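Asker: Before anything else, here's the structure in question.
FYI, it's all coordinate maths here, none of it is from the lab. The shown structure was predicted, so the numbers you read here are calculated from the model rather than taken from an experiment. Don't worry about glycine lacking a Cβ; one is built from the backbone with ideal geometry, like all the others, and counts go over all protein chains shown.
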Amino acid sequence: MTEQSPVTTEKAKPVLPDAQTVTSVTHYTDHLFSFRLTRPQSLRFRSGEFVMIGLMGDNGKPLLRAYSIASPSWDEELEFYSIKVQDGPLTSKLQHLKVGDQVILRPKPVGTLVLDALLPAKRMYFIATGTGIAPFASLMRDPDLYERYDEVIMCHTTREVDELKYGADLVASLADDPLIGEFIGDKLRYYPTTTREESPKMGRMTTLLKDGTLASDLGLPPLNSETDRVMICGSIGLNNDMKAICEAAGLTEGSNSSPAEYVVEKAFVG
Ligand SMILES: Cc1cc2nc3c(=O)[nH]c(=O)nc-3n(C[C@H](O)[C@H](O)[C@H](O)COP(=O)(O)OP(=O)(O)OC[C@H]3O[C@@H](n4cnc5c(N)ncnc54)[C@H](O)[C@@H]3O)c2cc1C
């Protein structure tokens with residue numbers, strides 16, 4: 001059996017299987033950045049889904065990790081929002097991406113943070129910590145979200161203030177967005193909090209939900225299965241605590257095959 005060697009260009013730059021080209025890179029902190037890739041014409045996905053992306057490892061095999069697509073399904077390019085783990089097998093390399101570099105992308109999108117996994121209601125809560133905002137960066141730009149819900153509450157918790165910047169900048173840009181601004185109108189509300197650095201609103205989202213602070217800050221009733229739907233994307237601890245809060249409020253977990261009242265996905269393993 002012969003092993004297939006990579007196709008090479010005239011400059012001997014290897015063309016990777018399923019490779020896409022980096023079109024922009026933005027660094028937010030020393031451990032957070034975003035980048036955009038060309039999108040394969042054949043790639044269809046639902047806003048909120050994730051794919052496997054990566055780089056060729058030193059052993060010549062693709063080193064792939066799950067990544068939420070942060071751009072909406074209608075975007076011509078693909079956007080990702082990434083952690084930089086200093087000794088992380090993938091992100092220790094990925095953080096050095098430059099425009100023109102290639103990234104491997106396996107075009108098989110999957111995930112539970114999709115609008116189809118929830119039954120219709122009045123209000124949608126997005127609950128994210130850290131890079132868990134990535135799937136919501138996609139969903140917040142999907143006109144379908146605003147057609148299905150009267151009100152969308154984007155809750156994002158990080159340790160430090162500058163870790164909110166990616167989400168804050170995105171939300172700020174949406175009201176005047178020529179493509180989806182008119183769908184959003186005044187339906188999108190943003191509720192950022194920090195747990196370590198001083199900021200206008202401090203605390204874990206689970207605490208702020210449980211003690212009624214979030215509801216009183218936003219002038220909303222307590223979580224209710226009739227009116228509210230919840231999408232959760234954070235650490236395993238946050239996800240478990242949020243699941244308990246949703247269940248206590250009478251919401252049941254949904255999936256692609258059985259839509260219900262809340263859905264949850266890990267922002268990372270570990
Ligand atoms: C469904 C799913 C979607 C994901 N989407 C994203 C995404 O959109 N953006 C993203 O940056 N990562 C995402 N991840 C995590 C991603 O798959 C990798 O873990 C991450 O890129 C680090 O890869 P690595 O090889 O450098 O280190 P790994 O060996 O994968 O991770 C090393 C350690 O770093 C920590 N870690 C990893 N990822 C994160 C993170 N995102 N935030 C905080 N700590 C982390 C964990 O403690 C982990 O054990 C997702 C994971 C899953 C399961």
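Asker: Sort 198, 79 by Cβ crowding within 10 Å, fewest neighbours at the top.
Answerer: Ranking 198, 79 by Cβ neighbours within 10 Å, fewest first, gives 198, 79.
Asker: Which whole-number percentage describes the relative contact order of region 115-266, with Cα contacts under 8 Å and a sequence gap of 6 or more?
Answerer: Once normalised by length, the contact order is 31 percent.
Asker: What does the charge add up to near residue 46, with Lys and Arg as +1, Asp and Glu as -1, over the other residues with Cβ less than 11 Å from its Cβ?
Answerer: Charge balance near residue 46 sits at -3.
Asker: Dipole magnitude of the chain about its Cα centre, charges +1 at Lys/Arg Cβ and -1 at Asp/Glu Cβ only, in debye to the nearest 20?
Answerer: For this selection, approximately 660 debye.
Asker: Then there is this: In nm, give the distance between the simple-model label positions of residue 187 and residue 268, each being 7 Å from the Cα along the Cα-to-Cβ direction.
Answerer: 3.2
Asker: Further, regarding this structure: How far apart, in nm, are two points set 7 Å out from the Cα along the Cα-to-Cβ line at residue 215 and at residue 175?
Answerer: 2.8
Asker: Can you compute log10 of I(q)/I(0) for the chain with the Debye formula, treating each Cα as one identical point scatterer, at q = 0.08 Å⁻¹?
Answerer: With one equal scatterer per Cα and no solvent, log10 I(q)/I(0) is -0.34.
Asker: Tabulate in residue order the Karplus-calculated ³J(HN,Hα) for region 257-268, using 6.51 cos²θ - 1.76 cosθ + 1.60 with θ = phi - 60°, rounded to whole Hz; enter x for Gly and Pro.
Answerer: Result, rounded to whole Hz: 7, 9, x, 8, 10, 8, 9, 9, 8, 6, 7, 6.
Asker: When you count, for each residue, the other Cβ atoms within 10 Å and take the mean per peptide, how do 26-35, 259-268, 98-107, 228-237 rank with the highest first?
Answerer: 228-237, 259-268, 26-35, 98-107
Asker: With each pseudo-label sitting 7 Å past Cα toward Cβ, what's the residue 83-residue 26 distance in nm, one decimal?
Answerer: Label-label distance for residue 83 and residue 26, simple model: 2.2 nm.
Asker: Let me ask something additional. Loop-only check: which trypsin sites (Lys or Arg not before Pro) in region 11-95 are DSSP coil with at most 13 other Cβ within 10 angstrom?
Answerer: Passing sites in region 11-95 are 11, 44.
Asker: Specify the angular offset, from 0 to 90 degrees and rounded to the nearest 10, of the alpha carbon long axis of helix 236-248 from the longest principal axis of the alpha carbons in the chain.
Answerer: 30
Asker: Who wins for biggest fluctuation among 240, 256, 59 in a Gaussian network model of the chain, springs between alpha carbons below 10 Å?
Answerer: 59
Asker: Relative contact order (percent) for the chain, with alpha-carbon contacts under 8 angstrom and 6 or more residues of separation?
Answerer: 18
Asker: Oh, and also: Beyond 18 Å, what percent of the Cα pairs of region 19-110 remain?
Answerer: 39
Asker: Residue 38 to residue 162: FRET efficiency via 1/(1 + (r/R0)^6), r the Cβ-Cβ distance, R0 22 Å, to the nearest 0.05?
Answerer: Efficiency, from the Cβ-Cβ distance: 0.15.
Asker: Return the loop-located GluC sites (Glu not before Pro) in region 14-77 (DSSP other than H, G, I, E, B) with at most 16 other Cβ atoms within 10 Å of their own Cβ; answer none if there are none.
Answerer: In loop regions of region 14-77 (DSSP not H, G, I, E or B), the sparsely surrounded GluC sites (Glu not before Pro) are 76.
Asker: Please list log₁₀ I(q)/I(0) at q = 0.16 Å⁻¹ for region 115-266, using the Debye equation with identical point scatterers on the alpha-carbon positions.
Answerer: The calculated log intensity ratios at q = 0.16 Å⁻¹ are -0.85.
Asker: Counting DSSP beta bridges in the chain, what percent are antiparallel, to the nearest 5?
Answerer: 50
Asker: Using a Gaussian network for the chain with springs between C-alpha atoms less than 10 Å apart, which of these wobbles most: 200, 222, 135?
Answerer: Sorting by GNM fluctuation, first place goes to 200.
Asker: I want to verify a result. In a Gaussian network model of the chain, Cα cutoff 10 Å, which of these has the top mean-square fluctuation: 154, 242, 202?
Answerer: Highest fluctuation of the listed residues: 202.
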